[in-house]
Amino acid sequence: MRHRYWKSILVAWVTILATSAAQADTLLNDVTIVDIESGALAPGQSVLIEGTEIAAVGPDLTAGDDVRHIDGEGGFLIPGLWDSHVHIFSSPTEPDTALPLYLINGITGIRDMGALWPIADQQALQARIETGDVLGPRLILSGAWVDASPGSWPGMFLADTPEEARAVVDRIAAEGWAAVKSYSMLDEATYLALAEAASEAGLPLVGHIPEQIPLDTAIRAGHDGMEHFGRVTKACATREGEMVAEIRDTLMHGGDLQAVMARMAGHNRIVLETWDEALCDRVLSRMAAAGLHVSPTLVVADFYTGNWPAPDAPRMRMLPPEVRASWDRPDFRLQALTDDVRQLADSSIALDRRTFAMAHAAGVPILASSDASFANPYLFHGFSLLDELDIYVAAGLTPREALYTATVAPPRFFGLADQDGTVGPGRRADLVLVDANPLEGLETLRNPRAVIVGGRVLDRAALEAMEARLLAAGE
């Protein structure tokens, strides 16, 4: 099985490796370093990269002839972007397309949140990226998702009792996952046992707030990072308890996932009618105080509202033909939408974005995220993260605040020793060079002048060559 996964990846990347292996050390001259945390600009700087790390930063750096010299021409240098919620293992060859798509969009780090590949194969790819054998973004493996039987997706860990939850966490820890991911159908006793066991194992609890669990219960249980934003907006509705109880009753009486989805279809109207600003302020204050990180994936709404690119758009043409064909077939999630949900879609999206802006203002930590996957139609590896950041700005964040969610917040949440969203000595050389000041607008991210990943410099010509290979493969 592993040979089947790796054969295509090795063939796809051999040319890139041959051309980039010689890029050992680099001196990047005349750049303006952007401090995303403070908003400060430092023009006229040089950055010396040795191996995978930044060795020195300053205005007067020199290096020998054996070091590659690159003139930054006053461009703006930022830390590489992170997408904190993706799925690159939903098909055997998905990384062949996903990895370059992230790099050409300036995304040098991703967190995978659930996969069909065995963990050993995921770890093998992760290791090859770290050693430079495969060119791709840094990879965090947080896809040990745990659900009640029979599981919402294939390949999940299953737990229906507290004892099973504890046993599952033992297995997750033994297999070397970075986190435990809770999913939607867990009951309260099992979820609470999962949270306790994850804490005892020293693993963060991330993932969905199960549909039977009020958000405040998850906060008190020590949930570290929640995926998707809808449960936050629902918790700001005065009838959240009633909606949660309704789902619990449905499952207790033998309802399956389809029955739950049918029940949830009526919740949008309830949320819109009972959302309360004062209540929301209290909820968000508790989330901020607890340090509960949120990966909003607001861009997912584009799928449900049909905001899809044209078939001839470059991002579509870079996908394998079989993926485009699968996206053109009926989807069970769209088929589950009722007329009422469709009529309320614009209002529901607007309320999510209003609540999101309030969450940011309240200090709730945000991790920029897209839910990109071949299994999620019209959510694109790479491109959708930039779309997500644009949504944050449209919701009221400044470009600097939006960038913070994709550069500073993720590596700090993941506890990476060599990355913290700054450009300085000892930091991993994951960087993006752009033409314009990104603090004045994020459009410049769409066409990076250079992307540096693990110390390897991909200039504009290299990035365009990667795009051309993807376009050719998509024909």
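Confirm whether Gly132 is within 23 Å of Leu470 (Cβ to Cβ) and buried (at least 21 other Cβ atoms within 10 Å of the Cβ).
For Gly132, the condition - within 23 Å of Leu470 (Cβ to Cβ) and buried (at least 21 other Cβ atoms within 10 Å of the Cβ) - is not met.
Table: residues versus (1) crowded, with 23+ Cβ neighbours inside 10 Å; (2) over 24 Å from Val86 (Cα atoms).
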{"site": "Ala178", "(1), (2)": "no, no"}
{"site": "Lys181", "(1), (2)": "yes, no"}
{"site": "Ala198", "(1), (2)": "yes, no"}
{"site": "His223", "(1), (2)": "yes, no"}
{"site": "Met226", "(1), (2)": "yes, no"}
{"site": "Gly255", "(1), (2)": "no, yes"}
{"site": "Glu277", "(1), (2)": "no, yes"}
{"site": "Asp281", "(1), (2)": "no, yes"}
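Please indicate, with yes or no, whether at least one residue in segment 114-132 is assigned to a loop (DSSP other than H, G, I, E, B) and free of Cβ contacts under 8 Å to residues at least 40 places away in the same chain.
Scanning segment 114-132, I find at least one residue that is assigned to a loop (DSSP other than H, G, I, E, B) and free of Cβ contacts under 8 Å to residues at least 40 places away in the same chain, so the answer is yes.
If we keep just the residues of segment 57-76 that are of a type in the set (Gly, Ala, Ser) and surrounded by 15 or more Cβ atoms within 10 Å (Cβ to Cβ), which is farthest from Asn437 (Cα to Cα)?
Ala63
For Ser370, only one of the following conditions fails: (1) at pLDDT 95 or above; (2) surrounded by fewer than 16 Cβ atoms within 10 Å (Cβ to Cβ); (3) hydroxyl-bearing (Ser, Thr, Tyr). What is its number?
(2)
Yes or no: Gly143 at positive phi and among the small types (Gly, Ala, Ser)?
no
Taking the conditions exactly as written (farther than 21 Å from Asp112 by Cβ, over 20 Å from the mean Cα position of the chain (by Cα), assigned to a loop (DSSP other than H, G, I, E, B) and not aromatic (Phe, Trp, Tyr)), does Glu242 satisfy them or not?
Spelling it out, it is not the case that Glu242 is farther than 21 Å from Asp112 by Cβ, over 20 Å from the mean Cα position of the chain (by Cα), assigned to a loop (DSSP other than H, G, I, E, B) and not aromatic (Phe, Trp, Tyr).
Which ones in segment 106-136 are more than 21 Å from Val457 (Cα to Cα) and of a type in the set (Ser, Thr, Tyr)?
none
Would you confirm whether any residue within segment 202-225 is in a helix (DSSP H, G or I) and in contact with a Ser or Thr (Cβ under 6 Å, 6 or more places away or on another chain)?
No.
Would you confirm whether or not segment 94-107 contains a residue that is of a type in the set (Gly, Ala, Ser), modelled with pLDDT of 95 or more and part of a loop (DSSP other than H, G, I, E, B)?
Looking for residues that are of a type in the set (Gly, Ala, Ser), modelled with pLDDT of 95 or more and part of a loop (DSSP other than H, G, I, E, B), one finds at least one in segment 94-107, hence yes.
Just checking, does segment 245-252 include any residue being at pLDDT 95 or above, surrounded by fewer than 13 Cβ atoms within 10 Å (Cβ to Cβ) and over 23 Å from the mean Cα position of the chain (by Cα)?
No - not one qualifying residue is present in segment 245-252.
Within segment 207-229, is there a residue that is more than 24 Å from Gly143 (Cβ to Cβ) and in contact with a Cys (Cβ under 8 Å, 6 or more places away or on another chain)?
no
Please name all residue pairs, on different chains or six or more residues apart, with Cβ atoms under 6 Å, provided the first residue is in segment 377-403 and is buried (at least 24 other Cβ atoms within 10 Å of the Cβ) and the second residue is among the β-branched types (Val, Ile, Thr).
Gly382/Ile107; Ser384/Val299; Leu385/Ile107; Glu388/Val299; Ala402/Val393; Leu403/Ile36
Of the conditions (1) farther than 26 Å from Asp256 by Cα; (2) in a loop (DSSP other than H, G, I, E, B), Glu196 fails just one. Which one is it?
(2)
Does Val451 fit the bill of being surrounded by 23 or more Cβ atoms within 10 Å (Cβ to Cβ) and over 13 Å from Ile36 (Cβ atoms)?
Criteria met by Val451.
Cβ-Cβ under 8 Å, sequence separation 6+ or interchain: first residue in segment 318-339 and without any contact (Cβ under 8 Å) to a residue 40 or more places away in the chain and farther than 19 Å from Ala372 by Cβ, partner surrounded by 11 or more Cβ atoms within 10 Å (Cβ to Cβ) and among the small types (Gly, Ala, Ser). Which pairs?
Matching pairs, first to second residue: none at all.
Based on this model, can you work out whether Pro296 counts as in the same structural domain as Val393 (by TED's automatic domain parsing) and surrounded by fewer than 19 Cβ atoms within 10 Å (Cβ to Cβ)?
no
The values are calculated or read from the model by the stated rules, or taken from the named source; none is laboratory data. Just so you know, these numbers come straight off a predicted model, no measurement behind them. A quick note on method: Cβ atoms are made from the backbone with ideal geometry, for glycine too, and the neighbour counts reach across all protein chains shown.
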